[in-house]
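The values are calculated or read from the model by the stated rules, or taken from the named source; none is laboratory data. The shown structure was predicted, so the numbers you read here are calculated from the model rather than taken from an experiment. Every residue, glycine among them, receives a Cβ derived from its backbone with ideal geometry; neighbour counts consider all protein chains shown. The area values use the complete protein model at the heavy-atom level, side chains included, leaving out ligands, DNA and RNA. Shrake-Rupley method; radii C 1.70, N 1.55, O 1.52, S 1.80 Å.
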Amino acid sequence: MKKTYINGVGCISTQKTFNTVFLEEAVVNHDENVLAIVPPAYKEYISPAASRRMAKGVKNGIVASALAMTDANVENVDAIITGTGLGCIEDSEKFLKSILDNNEEFLTPTSFIQSTHNTVGAQIALLQQCKGYNFTYVNGAVSFESALIDAKMQIEEDEANSILVGGVDENGEYTTSLFKLNGRIKKDNSGPYDVLTSDTTGAVYGEGASFFVLENERKENTYAELLDVSIVNNLEENEIETAAKSFLNSNNLDISDIDALVLGFDGNVDFENYYSNLAKNAFAQTPVLYYKHLSGEYDTASAFAFWMASKILKTQEIPEIVKVNAVEKPSYKTILLYNQLNGKNHSFTLLSK
């Protein structure tokens, strides 16, 4: 079976993650409970006329995918696979509002057309003239992992040699207000919002777009090899360690083989034990990292973690800003990522140098 290599990365996030080496300009925001994107210069990638009609998530997806392809030194790919939790939620909100405002009459279809979840993948394909396999996964907090599994299977079965895979989500004003109402986002004006020492419910929310070029051969610019991805819908807190160990065993690895563990701490006190139990017990001797204090929580935030792990394996450096404990290793060869959202949609991802 062919192996899967990460040969290019592109990330647009709530930090400056483009035109930099690796998180050297990252800033932790303690004052906001919803983090906004740091926008790139869209006009360098999209014509202003087209840009005006595009949702934020679409533009970020286009730029992130362009960055990944430039990084991988490829001009076209065989397939485009996208993961998204809420799709182009801003345009969905616009369309629903216009239905109400216009008594369901005289509606322009633009917002509806742009609001579908597969808009990002479609727009990238149109710009690149990619007529191959194009699929979008909408599976909550494992949307990005679902896309990864699909891409890995295609490469292993020799269905494609080069695949663009990404995770995209954006904040919509109305949806954000609903998330605040049902406690999914931390209460307004209750800062400082510290992710690791939080004693309140709800998360600090964010948005972003991360894309990767996965290929079937190792190149000079390869970041890492994608070894395996596993998704489990329901797990109890006391089952996480066993699930992690069995995932590693299926790849002939032990806890001692893991050089860094990336966890999705998001500040929601109700579900932090899923992470802290792993960090304090089984992986107490392993460097433990976190990232949602930089990216915010959203359905495809794990794509930001995937970007971060790829960068660590390539640069062999871990920025201080993402460290949970003080454990260090002389080199970083194998990284395990674990994420869940509100106790559901657990995912394990394994990367190797």
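Data overview
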{"read-out": "Low-density loop positions, trypsin sites (Lys or Arg not before Pro), segment 88-180 - DSSP coil, at most 11 other Cβ in 10 Å", "value": "Lys131"}
{"read-out": "Solvent-accessible area per residue, Å², over segment 247-299 with all protein chains present [probe radius 1.4 Å]", "value": "32 Å²"}
{"read-out": "Gain on full stretching of the segment that runs from Ile231 to Lys16 - 0.36 nm per residue minus C-alpha separation", "value": "74.4 nm"}
{"read-out": "Electrostatic dipole magnitude of the chain [Cβ: Lys, Arg +1; Asp, Glu -1; Cα centre; debye, to 20]", "value": "500 debye"}
{"read-out": "Under 5 Å, built H, 5+ apart or other chain: amide partners of Glu207", "value": "Thr14"}
{"read-out": "Spin-label pair Leu126/Asn325, simplified geometry with 7 Å Cα→Cβ offset, distance in nm", "value": "4.9 nm"}
{"read-out": "Pairwise FRET efficiency - Asn221 versus Lys187, Cβ, R0 = 30 Å, nearest 0.05", "value": "0.10"}
{"read-out": "Solvent-accessible heavy-atom area per residue, rounded to whole Å², over segment 122-167 at 1.4 Å", "value": "42 Å²"}
{"read-out": "Of Gly191, Gly206, Gly267, the one that fluctuates the most in a GNM where the chain has Cα springs shorter than 10 Å", "value": "Gly191"}
{"read-out": "Antiparallel bridge percentage (DSSP; both residues within the chain; nearest 5)", "value": "65 percent"}
{"read-out": "Residue among Val21, Val262, Val138 with the largest mean-square fluctuation in a Gaussian network model of the chain, springs linking Cα atoms under 10 Å", "value": "Val21"}
{"read-out": "Gyration tensor verdict on segment 49-179 (Cα atoms; rounded if a/c is under 1.5, prolate if a/b is larger than b/c, oblate otherwise)", "value": "prolate"}
{"read-out": "Average accessible area per residue (Å²) across segment 23-105 - probe 1.4 Å, nucleic acids and ligands excluded", "value": "52 Å²"}
{"read-out": "Whole-number percent relative contact order across segment 1-114, with pairs defined as alpha carbons under 8 Å at least 6 apart", "value": "27 percent"}
{"read-out": "Most fluctuating residue given options Leu248, Leu164, Leu148, as computed from a GNM of the chain linking Cα atoms under 10 Å", "value": "Leu248"}
{"read-out": "Contour excess over end-to-end distance, with Cα ends at Asn161 and Asp199 and 0.36 nm allotted per residue", "value": "9.0 nm"}
{"read-out": "With every protein chain in place, segment 241-353: carbon and sulfur % of accessible area (1.4 Å)", "value": "45 percent"}
{"read-out": "Gain in span if fully extended, Ala49 to Thr242, counting 0.36 nm per residue against the direct Cα distance", "value": "64.2 nm"}
